[in-house]
Amino acid sequence: MMWFALITMALIIIALVSAVLALRRKHWAGEEDDETNTASSLNESHRQVLEKINGMHAATEGLRGRARIKELRRCMDSMSDGLDVISSIRPSVNGAPKGEWVVAPGAAPNRRILYIHGGSWIAGSPKSHRAITDRLSRLANACVFALDYRLMPENRYQDGLSDCQLAYRWLLDNGPNGKETADFLVVAGDSAGGSHALVLIAWIRDQELPPPNAALALSPSTDLMLTLQSAPDKLKTDAMLGPSLEKLMRIPLPLRWLVAVLSMRTLPSSPLVSPLRGNLHQLPPTLIQVSESELLLENAQQYAAKAQAAGSLVTVQSWPDMVHVWHLFTPLLPEAEAAFAHVGEFLAQVEASAKNQGQGAVEKYSAELGKQARNPQG
């Protein structure tokens, strides 16, 4: 019985990640009866994204178990192939946490970003997310440390989270050129890595460590309880996660929780895997960007509302008609470039507030983001 449960757990996890590779044209702009009309409404950049995703999906078609995970990881890493990376890429050395430094020309060594990649905790790497880390280094004039944390199923979920904690402590006093105290530090991540980032900033507070200046979460997972009220609608519009989660949502809720317990080795209600369920007071200024078409939207909004009620400056910027973590397709997607422009503005306001020793600029910017939620390109 135990082996059956473990096999079921593995299949569910693989299905969740493989959804990223199962993008369908009919879901990009919303499911429509006339697929020809839907396809014709896509611009050229969207078409190219679809071709990339469909190519990765085809590569993993028919594979199962560890063979599928291995190919999925290879496909995700290939996302950076041919990318015009402006930053220099430097592997970590001399006992540093495993990962790589992404350093744009002129980036200040005492300005640092800890980046935690997504991939449902079983795939992804610093290499797969260089489009994001290169862009962040340039816009923040900061050195990005992309952490290569331990993945499941070879390791426990907690092992990867422990790697994030160790990396943060290390970055406080170490830069790309050796020991040097950080003057500006941001914690960032996407999807599963966004969840790690949100869990991490609460842990930093509880450990009474020097807090980061800001946090950034791109399409983060915030709640593994899987009680999404909007699931029936979002299953139709979430091009990346919808196809596999649609099958998962048919499973009775208690069984879904059991699967989560077996895979994460902790209760799905634990703040270690569901940051929404934790104490959200005294968090650093945090910006969350999420698509209005994805299943994770509602939980991201709930996280922000709870954090705001606790007095934390956490803002959600929702983006219409985008796929999960569309930032990966910069500079191909103009919407990704626009999203990064808002990230740059947010970090600039955080710094302005710090220099003025107050939160006024961040509060004002957070309010402005709320007004732009339906039209963030503006």
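The values are calculated or read from the model by the stated rules, or taken from the named source; none is laboratory data. Just so we're clear, the structure is a prediction, and the values are computed from it rather than from any experiment. Cβ coordinates were reconstructed from backbone atoms using ideal geometry, including for glycine residues, and neighbour counts include every protein chain displayed.
Quick look at the values:
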read-out	value
Pair list, Cβ under 9 Å, 6 or more apart: the stretch 321-348 residue hydroxyl-bearing (Ser, Thr, Tyr), other residue surrounded by fewer than 18 Cβ atoms within 10 Å (Cβ to Cβ)	THR330/GLU337
Within the stretch 303-322, tally of residues that are touching a Gly at 6+ places or on another chain (Cβ under 8 Å), outside any strand (DSSP E or B) and crowded, with 20+ Cβ neighbours inside 10 Å	0
Looking only at the stretch 30-46, and only at residues there that are part of a helix (DSSP H, G or I) and farther than 22 Å from GLY118 by Cβ, the one that is modelled with the lowest pLDDT	THR36
Answer from ARG277, ARG256 - the residue that is modelled with pLDDT of 85 or more, among the basic types (Lys, Arg) and within 22 Å of TYR157 (Cβ to Cβ)	ARG277
Test: residue in the stretch 183-205 that is farther than 27 Å from ALA336 by Cβ, of a type outside the set (Val, Ile, Thr) and not in a helix (DSSP H, G or I)	yes
Checking LEU172 against (1) within 28 Å of ALA123 (Cα to Cα); (2) surrounded by 21 or more Cβ atoms within 10 Å (Cβ to Cβ); (3) not charged (D, E, K, R), the condition it does not meet	(2)
Test for ARG90: is it within 30 Å of CYS143 (Cα to Cα) and surrounded by 12 or more Cβ atoms within 10 Å (Cβ to Cβ)	yes
The stretch 308-324, subset at pLDDT 90 or above and in contact with a His (Cβ under 9 Å, 6 or more places away or on another chain), residue nearest to GLY278 (Cα to Cα)	ALA310
Within the stretch 141-169, considering residues that are of a type in the set (Phe, Trp, Tyr) and out of contact with any Gly (no Cβ under 9 Å at 6 or more places or on another chain), the one nearest to ALA123 (Cα to Cα)	TYR157
Index of the failed condition, VAL343 passing every other in (1) out of contact with any Leu (no Cβ under 8 Å at 6 or more places or on another chain); (2) farther than 21 Å from LEU224 by Cα	(1)
Residue count, the stretch 47-97 (criterion: without any contact (Cβ under 8 Å) to a residue 24 or more places away in the chain, in a loop (DSSP other than H, G, I, E, B) and aliphatic (A, V, I, L, M))	2
The stretch 46-85 - residue that is surrounded by 15 or more Cβ atoms within 10 Å (Cβ to Cβ) and of a type in the set (S, T, N, Q) and, of those, nearest to ASP134 (Cα to Cα)	SER80
Residues located in the stretch 270-289, provided they are outside any loop (DSSP other than H, G, I, E, B), closer than 16 Å to ALA310 by Cα and of a type in the set (S, T, N, Q)	THR286
Residue identified as part of a helix (DSSP H, G or I), basic (Lys, Arg) and crowded, with 16+ Cβ neighbours inside 10 Å among ARG135, ARG150	ARG135
